[in-house]
1. Just give me the residues in the stretch 197-218 being under 27 Å from Arg284 (Cα atoms) and more than 11 Å from the ligand (Cβ to nearest atom), in sequence order.
2. For Pro177, which of the numbered conditions (1) surrounded by fewer than 22 Cβ atoms within 10 Å (Cβ to Cβ); (2) away from the ligand (no atom under 14 Å from the Cβ); (3) more than 25 Å from Gly216 (Cα to Cα) fails to hold?
3. Taking interchain pairs and intrachain pairs at least six residues apart, which have beta carbon atoms under 7 angstrom, with the first residue in the stretch 1-30 and among the polar types (S, T, N, Q) and the second surrounded by 13 or more Cβ atoms within 10 Å (Cβ to Cβ)?
4. Given the condition under 11 Å from Glu84 (Cβ atoms) and among the β-branched types (Val, Ile, Thr), answer yes or no: does some residue in the stretch 27-41 qualify?
5. Could you grab me the full set of residues in the stretch 81-127 that are within 12 Å of Ser253 (Cα to Cα) and of a type in the set (S, T, N, Q)?
6. So which of Lys158, Lys167, Lys125 is over 20 Å from Glu277 (Cα atoms) and basic (Lys, Arg)?
7. In the stretch 112-130, what residues are surrounded by 21 or more Cβ atoms within 10 Å (Cβ to Cβ) and either in a helix (DSSP H, G or I) or away from the ligand (no atom under 11 Å from the Cβ) (or both)?
8. Restricting to the stretch 159-174, count the residues that are more than 7 Å from the ligand (Cβ to nearest atom) and under 18 Å from Ser63 (Cα atoms).
Amino acid sequence: MDALVAENEVRVLDDFSSGRRSQLPANLSVIEGDVRDSDVRKAAFDDVDIVFHEAAIVSVEQSVEMPMESHAINVDATLSVLEEARRTNARVVFASSAAIYGTPETLPIPETVAKRPSSPYGLEKLSADHYCQLYHDLYGLETVALRYFNVYGPRQRKGPYSGVITKFFAQARSGGPITVQGTGEQTRDFVHVRDVVRANLLAAMTDRVGEAFNIGTGRSTTIAQLAEHVRETVDPDIKIEHTDPRPGDVRDSLADVSKANEALDYEPAVELSEGIESVFDWIRH
Ligand code: UD1
């Protein structure tokens, strides 16, 4: 939001189930409501050129526990957003996910690889990602799907379903232990929110519509390394514990970002160690 308000008129639709109103800049308008509510959607879309559709149940675990609810938000609400965009002719930049790839045949993962999602969440994002392309091909709607890898950074709300970096910091700050699910050998491509914001701004302006792009860094980190890194940052005496592996968990995830680089001029700029510092700074302030 901070990146948009200087030069644009910005309207936010949020139910604040995970974000906080206090984190929004002052000079924008806010509609507090549910994206599944058609009146709320209509009001949100009024006179809008570009929609950044980030509303979702973002947790793999939550989708495994309640697939119907997560489908309703991740697929049905996205379809409703696309319908509203068709009515108003707004561009939609959609937050897709690396979870659509599941266990891929190759690493790093290009956009073209066979998709084998291993959770309801992954399948829901795949479906919504395909809907974006279909709405472009069928109705000429300007859509861009950004397949986020593991997004982290300051301001992520802590809770049982937050991303692993936020979770590890919360555990470490309350004295531990840091809980690694499974062996910790699973790998992720952690991309800082600042790079993701930049990708969204590029997607808002590109003429490469009707396409999908990986948004990661091309760098791989094991969850065990991450746990170690957070422990060293907060307090070297904290314990790291291993729990059962998580059902539906993806083993390896690593982005090939060459398409986003060529087509959008996207270049990830934040190294993991710098990004982890930014989270720690934010937690402490
Ligand atoms: C994450 C995002 C998802 C996004 C996807 C893209 C969240 C909550 N999920 O899913 O929205 O679309 O990346 O790739 O932001 N872990 C532990 N201990 C914990 C928590 C997690 O070991 O306490 C492990 C998990 O088992 C997993 C890894 O850390 O192997 C990452 O988990 P998580 O942060 O929940 O993200 P993803 O499931 O990869």
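1. Listed by number, the residues that qualify are Val197, Arg198, Thr217.
2. (2)
3. Final answer for the pair search is Ser18/Arg157; Asn27/Val5; Ser29/Arg11.
4. yes
5. Result: Ser97, Thr103, Thr106.
6. That would be Lys125, the only listed residue that is over 20 Å from Glu277 (Cα atoms) and basic (Lys, Arg).
7. Pro120, Tyr121, Gly122, Leu123, Glu124, Lys125, Leu126, Ala128, Asp129
8. Residues in the stretch 159-174 being more than 7 Å from the ligand (Cβ to nearest atom) and under 18 Å from Ser63 (Cα atoms): 2 in total.
The values are calculated or read from the model by the stated rules, or taken from the named source; none is laboratory data. Bear in mind that the values here come from a model prediction, so they are computed numbers and not experimental data. All Cβ positions, glycine included, derive from the backbone under ideal geometry; neighbour counts span all protein chains shown.
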